[in-house]
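Have a look at the structure below, then the notes.
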Amino acid sequence: MAVTDQITSQQAIDLENKYGAHNYHPLPVVLNRGEGVHVWDVEGKQYYDFLSAYSAVNQGHCHPKIVNAMHEQAKTLSLTSRAFHNDILGKYEKYAAEYFHFDKLLPMNTGAEAVETALKICRKWAYEVKGIHENEAEIIVCENNFHGRTTTIISFSNDTVARKHFGPYTEGFIKIEYDNLEALKQALEGNKNIAGFLVEPIQGEAGVYVPSDNYLIEAKALCEKHNVLFIADEVQTGIARTGRLLATCGNCDCADKNCSGTPDVKPDILILGKALSGGAYPVSAVLANDAVMNVIRPGNHGSTFGGNPIAAAVAMAALEVVRDEDLAENAFQLGELFRSEINKYIETSNIVNLVRGKGLLNAIVINDDEDSDTAWNICIALRDNGLLAKPTHGNIIRFAPPLVMTKDELLDCVSIITKTLKDFEK
Ligand SMILES: *Cc1c(COP(=O)(O)O)cnc(C)c1O
């Protein structure tokens, strides 16, 4: 069978089942094309993408500007490794550092790698700048976090399926309740070994948990007081998803679309991935100011593909699209509309308990048990009705369409969602 041979959905699924490791449980739909907010399956059926590859495709599928940047760079120079310089990495680093208001950027490929990088930088800073004794640094993390799949990262996860039988685990992490400032205060007080606090501005995988309004600001202030690095994992929430360029600028009212930060919540280390490339290529990054980033010296860290010319060209184009098309503002407006429409439905619904989120990162909570299959069954029905979404738990469905959606398309999607939900009302 040649790669160009047309196969049916069932054939594609059978091949994956037989020859691929079973580390995922995908919704049974086989896609072979995407454009903007739409994807098509191999039988030609069109769907709204309401997951956006977990918020990687914020700029929409196959955005022409991003595809073109990738194509041009791929024809010119794809990989040098960091053994040599190339003429685009520095341009990208300058562009992204200024875009997000940091001194420096360290390029990686996947989100998990960027989280690993941030943890390493934080530990090194703890020993060389803060003066913690060797091997005694601790990093505070939150319960129900999702930061990726490496051995160190799953060491501080509390998802049993992700953790079990993958030990021994990496030490040096303290887990506290999310959105609980008192818990953070207690963990910080009287412990001189705390190096950093790693947090998601909104817990995406956990089910789109939005913390209280003052949480990030106060958490940042506590970290400052204790000389602890505030590390924001914005792999999912960043790049306009939540109605701001970054979710850590959630309380910034400035209308300047180029503003990426509030003086209130400026992370010491910012982690980006997913939509940094618009979904075209694996690109992630860690950003920090010199006082932190300069602890990294030649040989301390690296990646063969990190910062390669294609990644640099793609990421620059992807960030330009976010700014040129005002995607943060669109996500903000459509998010308000989405939640108000779904809330209208909820008033008379027995099957949906609530909708929550920010911008176009939202979830509905289904009136059923966490381990029920209701959310899955609703997603199958949504698929049949032309909209693709995925449960995060047995009773939670995340809704995160590409940010290039129009108001009319969003209302069309709301009507698909509400019509589908009606069939599940008891
Ligand atoms: C997806 C995600 C990651 C991991 O990114 P990968 O590219 O899958 O390794 C890390 N943190 C958050 C918050 C994420 O949503």
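Screening the stretch 77-120 for residues that are among the polar types (S, T, N, Q) and away from the ligand (no atom under 16 Å from the Cβ) and picking the one that is nearest to ILE140 (Cα to Cα) gives SER81. Among the residues of the stretch 91-109, is there at least one that is assigned by TED's automatic domain parsing to the domain that holds GLY306, under 14 Å from PHE173 (Cβ atoms) and touching a residue at least 24 places away in the same chain (Cβ under 8 Å)? No: zero hits. Summed over the stretch 205-238, the residues that are surrounded by 24 or more Cβ atoms within 10 Å (Cβ to Cβ), within 12 Å of the ligand (Cβ to nearest atom) and in contact (Cβ under 8 Å) with a residue 40 or more places away in the chain give a count of 6. Of the residues making up the stretch 397-426, those that are surrounded by 19 or more Cβ atoms within 10 Å (Cβ to Cβ) and in contact with a strand residue (DSSP E or B) (Cβ under 9 Å, 6 or more places away or on another chain) are ILE397, ARG398, PHE399, ALA400, PRO401, PRO402, VAL404, MET405, CYS413, ILE417, THR420, LEU421. Scanning the stretch 40-76 for residues that are assigned to a helix (DSSP H, G or I), away from the ligand (no atom under 16 Å from the Cβ) and not polar (S, T, N, Q) yields PRO64, LYS65, ILE66, VAL67, ALA69, MET70, HIS71, GLU72, ALA74, LYS75. Just to be sure, is ALA247 among the hydrophobic types (A, V, I, L, M, F, W, C) and surrounded by fewer than 16 Cβ atoms within 10 Å (Cβ to Cβ)? So ALA247 fails the test. Checking each residue in the stretch 386-425 for being in contact with a Pro (Cβ under 9 Å, 6 or more places away or on another chain) and farther than 23 Å from GLY44 by Cα picks out ILE397, ARG398. Whenever a residue of the stretch 32-44 is more than 16 Å from VAL67 (Cα to Cα) and among the charged types (D, E, K, R), its partners that are assigned to a strand (DSSP E or B) and modelled with pLDDT of 95 or more, lying with C-beta atoms within less than 9 angstrom and at least six residues away or across chains, give the pairs ASP41/LEU31; ASP41/ASN32; ASP41/ARG33; ASP41/TYR47. Any chance the stretch 71-91 includes a residue that's under 24 Å from ARG297 (Cβ atoms), among the β-branched types (Val, Ile, Thr) and out of contact with any Gly (no Cβ under 6 Å at 6 or more places or on another chain)? Yes - at least one qualifying residue is present in the stretch 71-91.
If only residues of the stretch 327-354 that are in contact (Cβ under 8 Å) with a residue 24 or more places away in the chain, outside any helix (DSSP H, G or I) and aliphatic (A, V, I, L, M) are counted, the one that is farthest from ILE397 (Cα to Cα) is ILE351. Restricting the stretch 293-315 to residues that are of a type in the set (A, V, I, L, M) and surrounded by fewer than 24 Cβ atoms within 10 Å (Cβ to Cβ), which is nearest to the ligand (Cβ to nearest atom)? So, considering only residues that are of a type in the set (A, V, I, L, M) and surrounded by fewer than 24 Cβ atoms within 10 Å (Cβ to Cβ), the one nearest to the ligand (Cβ to nearest atom) is ILE310.
If we only count helices (runs of 4 or more DSSP H) wholly inside the stretch 79-168, which ones have 3 or more residues that are of a type outside the set (A, V, I, L, M, F, W, C) and closer than 19 Å to VAL283 by Cα? In the stretch 79-168, 89-100, 111-125 are the helices (runs of 4 or more DSSP H) which contain 3 or more residues that are of a type outside the set (A, V, I, L, M, F, W, C) and closer than 19 Å to VAL283 by Cα.
Looking only at residues in the stretch 172-194 that are in contact (Cβ under 8 Å) with a residue 24 or more places away in the chain and of a type in the set (A, V, I, L, M), which one is nearest to LYS225 (Cα to Cα)? Per the stated criteria, the residue is LEU188. Of all the residues in the stretch 122-141, those that are under 18 Å from ASN300 (Cβ atoms) and either within 16 Å of the ligand (Cβ to nearest atom) or hydroxyl-bearing (Ser, Thr, Tyr) (or both) number 3.
The values are calculated or read from the model by the stated rules, or taken from the named source; none is laboratory data. Just so we're clear, the structure is a prediction, and the values are computed from it rather than from any experiment. Cβ atoms come from the backbone with ideal geometry, glycine included; neighbour counts cover every protein chain shown.
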